[in-house]
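These notes concern the structure reproduced below.
No value in this document is a laboratory result; all are computed from the given coordinates. Small disclaimer: the values here were computed from a predicted structure and weren't measured. Because the Cβ atoms are built from the backbone with ideal geometry, glycine has one as well, and the counts that use them run over all protein chains shown.
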Amino acid sequence: MENEYFPLVDAQVLAEFSNLDAKDSDPLSPTNIDHFRHNHPNFVPDNFWTAQHSTEDSPEPRYFWKIAQQYVQDAWKEYFPLKTSVRLIAFGPREVVAAYQQAVMFLTLNRWRAKFCLRCGSRFVAVSPKSIYCGDACFHVARKDSKKAWWTEHGPQWRNKRTKSKRSK
Ligand SMILES: [Zn+2]
């Protein structure tokens, strides 16, 4: 269990990486790039943020992190198929083992953990096979929503019954 802990955290950081939004300018937001770099230095090699590269499917040069993110997003959709995972791992510099590579490896070996949140749709790493939300926030909102939905559906009936039973007292 103990040696499973760290890769799980790395895998969660990989989910954060995959959810980064270049247009998010709020430095406190988890999908902001500067926020991520500050919190997870060296998760991906430093030149991922500064160097650009063109690929076969996109001749227009893009930042390394953008290309890697695309691969991660593709991998997530298909529960980390071997081919995409190998590609991702090989994408980094040789001889240096970056945390993101270990995270990719971990998710390739634990494919079921790569999930999309049922409420907000962001990618997250499941702690148990039953996990369906990315975190407590979504869990609580979803629970509130389902209570609200229940209330909309059954509320009038329930209220009716209550007033009736009050009256009969
Ligand atoms: Zn969520």
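Quick look at the values:
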| read-out | value |
| --- | --- |
| Sum of side-chain charges, residue 13 neighbourhood, beta-carbon under 12 Å (Lys, Arg +1; Asp, Glu -1) | 0 |
| Ranking of 109, 20, 28 by count of other Cβ atoms within 10 Å, fewest first | 28, 109, 20 |
| Amide hydrogen neighbours beyond the local backbone of residue 110, cut-off 5 Å, H modeled | none |
| FRET E, pair residue 28, residue 150, Förster distance 35 Å, beta-carbon r, rounded to 0.05 | 0.55 |
| Relative contact order, percent, the stretch 2-129 [alpha-carbon distance under 8 Å, six or more residues apart] | 27 percent |
| Cross-link table 23/83; 77/148; 66/147; 77/130, entries beyond 28 Å C-alpha to C-alpha | 23/83; 77/148; 66/147 |
| Residues 10, 57 arranged by fewest to most Cβ contacts within 10 Å | 57, 10 |
| Under 14 Å, Cβ to Cβ, from residue 27 - net charge with Lys/Arg +1 and Asp/Glu -1 | -2 |
| Per principal axis, descending, Cα span of the stretch 2-129 in whole Å | 39, 33, 26 |
| Exposed-site-free run, longest, the chain (rule: GluC sites (Glu not before Pro); DSSP loop; at most 13 other C-beta within 10 Å) | 96-169 |
| Under 15 Å, Cβ to Cβ, from residue 77 - net charge with Lys/Arg +1 and Asp/Glu -1 | +4 |
